[in-house]
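The values are calculated or read from the model by the stated rules, or taken from the named source; none is laboratory data. Computed from a predicted structure; not experimentally measured. Cβ atoms come from the backbone with ideal geometry, glycine included; neighbour counts cover every protein chain shown.
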Amino acid sequence: MSTTKTRDTATASANGKARTGGRGRTAAKPRTDGALPAQPRRIADAIEELAGMSEGGPGVTRLAYTPLERSAHELFASWMREAGCEVSTDPAGNTIATRPGRRTDAPALGTGSHLDSVYTGGRFDGIAGVVSAVEVARLLAAGGIDTVHPLKFVVFAGEEGARFGQACLGSKLAAGLSSVEELRERRDRDGISVADAMTALGFDPAAAVARPWNPADWAAFLELHVEQGSVLERQQISVGAVDLISGSTRLELTLSGRASHTGGTPMRGRSDALAAAAEAILIAEDVALDTRHRGTRATVGRLDVSPGSITTIPGEARLSVDVRDVDADRQRGTAAEIVRRVQAVCDRRRVRLDVRLLADTSPVVLPVWVRQALTASARDLGVSYRVMTSGASHDAQMINRITPAGMVFVPSRDGLSHVPEEWTAPAEIATGVQVLASGLLHLDRHLADLAGYPEREGL
Ligand code: GLV
Ligand code: MN
Ligand code: MN
């Protein structure tokens, strides 16, 4: 089998957090015996084919709940049928490929991620986890390996918050955490609601809300994802096992001042909405940089100015604030502090401030025993790993409400994500696939034991 040249060499990190199979901090080559031979070439081809499905422009643009996203789900479905799975779509538009287990009454083990992207995003965010799921199905089929539990390979619909403001729409619906009101209220830049977008694609928003996944059908869920940060790359570690996933509070601030002539209006006494917004942006940065907020990230990613004319003082500025943290109190406290300080600026500048909560998702602690299946698998394979937090949102965060979830991270080159430059070498994903596949088989054995299924039905 083929493995990465650089990162598969288990290298202990400076802080000693890297681990390899029973070898502590000693550098070691990954053990390849018993590992499923994930194929980097096949992984690269699948990623390439999906990257071709884009609106055009730099990188990949394949937004949530669009025909293009559906085409990507259909391509996944065709691959999974070829791998011997039965494919269905739930009312939210999540695509689920099922591989039967030896026990028809056993709940399923799942893996997967998403195929939508941000505007001008990369080709790996979400896609790496889906292509890994496909690779696992292909490896099991080629190896004639069966499991006690059925396996479900999932592509979630609409994970990126880029279009509608809220991340993980499909998995949120699957987890029973959404409402018809939410789907009607959330709108994209063109005023199209999630409900309208779903209906246009043939999905029924009311049915999606009324029919979440049944926890009894599920045993556990694993998601492989690119790290979207630079920890693994810097520390030369092959995979991360995630313990905490950050939450996010997203606000839209509308600052309304008074538009007027840039030449005729004196500098004193203006109500310049953009000048107030400039202070607001720096406040967000300042609050997050404060030592009380070590670990908080606050970002203004959108700014719309009107009337947007060189010769008119900006009358209105609308900006987004995205606050992320693994600590729920600090996340919400930061958002509240930013609003308080922006209000003071607006008062001083005679600008009106309106605040709209776009989304508010709590951080999630992933269960230790699922993570241990991943770390034990990495150890057995001789793949270096570390336990780490996730700064981004993920479908696993929602699905953990339905069934215990775990996450495997693979390195992101230069830590870049949500940009066309996003990159992870296929061989690095292949290493992650081996840990993922081994983790699924580990959970299959462990849960079969716990359920007391007869020995001959175990692996
Ligand atoms: C999802 O990609 C997020 O923005 O965290
Ligand atoms: Mn993602
Ligand atoms: Mn993303």
Restricting to segment 376-399, give me the number of residues that are under 21 Å from the mean Cα position of the chain (by Cα) and crowded, with 24+ Cβ neighbours inside 10 Å.
9
Within the bounds of segment 391-404, is there any residue that is among the charged types (D, E, K, R) and under 30 Å from Arg62 (Cα atoms)?
yes
Starting from residues that are part of a loop (DSSP other than H, G, I, E, B) and polar (S, T, N, Q), keep the ones in segment 162-193 and report whichever is surrounded by the fewest Cβ atoms within 10 Å (Cβ to Cβ).
Ser179
Can you pull out the residues in segment 120-131 that are within 11 Å of ligand 3 (Cβ to nearest atom) and part of a loop (DSSP other than H, G, I, E, B)?
Gly122, Phe124, Asp125, Gly126
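Taking the condition of being acidic (Asp, Glu) and part of a loop (DSSP other than H, G, I, E, B), how many residues in segment 226-272 meet it? I'd like the intermediate steps shown before the answer.
First, the residues of segment 226-272 that are acidic (Asp, Glu): 227, 233, 243, 252, 272.
Right, trim to part of a loop (DSSP other than H, G, I, E, B) and you get 227, 272.
Count: 2.
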Lone qualifier among Phe203, Phe153 - being in a strand (DSSP E or B), more than 16 Å from ligand 2 (Cβ to nearest atom) and modelled with pLDDT of 95 or more:
Phe153
Which residues, taken from segment 71-122, are within 16 Å of ligand 2 (Cβ to nearest atom), over 15 Å from Val155 (Cβ atoms) and crowded, with 18+ Cβ neighbours inside 10 Å?
Val118, Gly121, Gly122
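Given the criterion assigned to a loop (DSSP other than H, G, I, E, B), charged (D, E, K, R) and within 15 Å of ligand 3 (Cβ to nearest atom), identify the matching residue among Glu159, Glu55. Steps first, answer last, please.
Details: Glu55 fails: within 15 Å of ligand 3 (Cβ to nearest atom).
Going through Glu159, Glu55 in turn, the sole match is Glu159.
Just one of Ser132, Ser88 is at pLDDT 95 or above and closer than 29 Å to Pro205 by Cβ; which is it? Spell out the reasoning first.
On the way: Ser132 fails: closer than 29 Å to Pro205 by Cβ.
Exactly one residue qualifies, and that residue is Ser88.
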With the first residue restricted to segment 44-72 and required to be farther than 18 Å from Gly161 by Cβ and at pLDDT 95 or above, and the second required to be of a type in the set (Gly, Ala, Ser) and surrounded by 23 or more Cβ atoms within 10 Å (Cβ to Cβ), Cβ contacts under 7 Å at 6 or more apart or on different chains are Leu50/Ala72; Met53/Ala72
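May I ask you to verify whether Ala335 is under 16 Å from Ala259 (Cβ atoms), crowded, with 18+ Cβ neighbours inside 10 Å and at pLDDT 95 or above? Step through it out loud before you land on a result.
On the way: under 16 Å from Ala259 (Cβ atoms): no; crowded, with 18+ Cβ neighbours inside 10 Å: yes; at pLDDT 95 or above: yes.
No.
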Please state which one of Gly112, Gly122, Gly165, Gly126 is in contact with a helix residue (DSSP H, G or I) (Cβ under 7 Å, 6 or more places away or on another chain), within 16 Å of ligand 1 (Cβ to nearest atom) and either among the aliphatic types (A, V, I, L, M) or touching a residue at least 60 places away in the same chain (Cβ under 8 Å) (or both).
Gly112
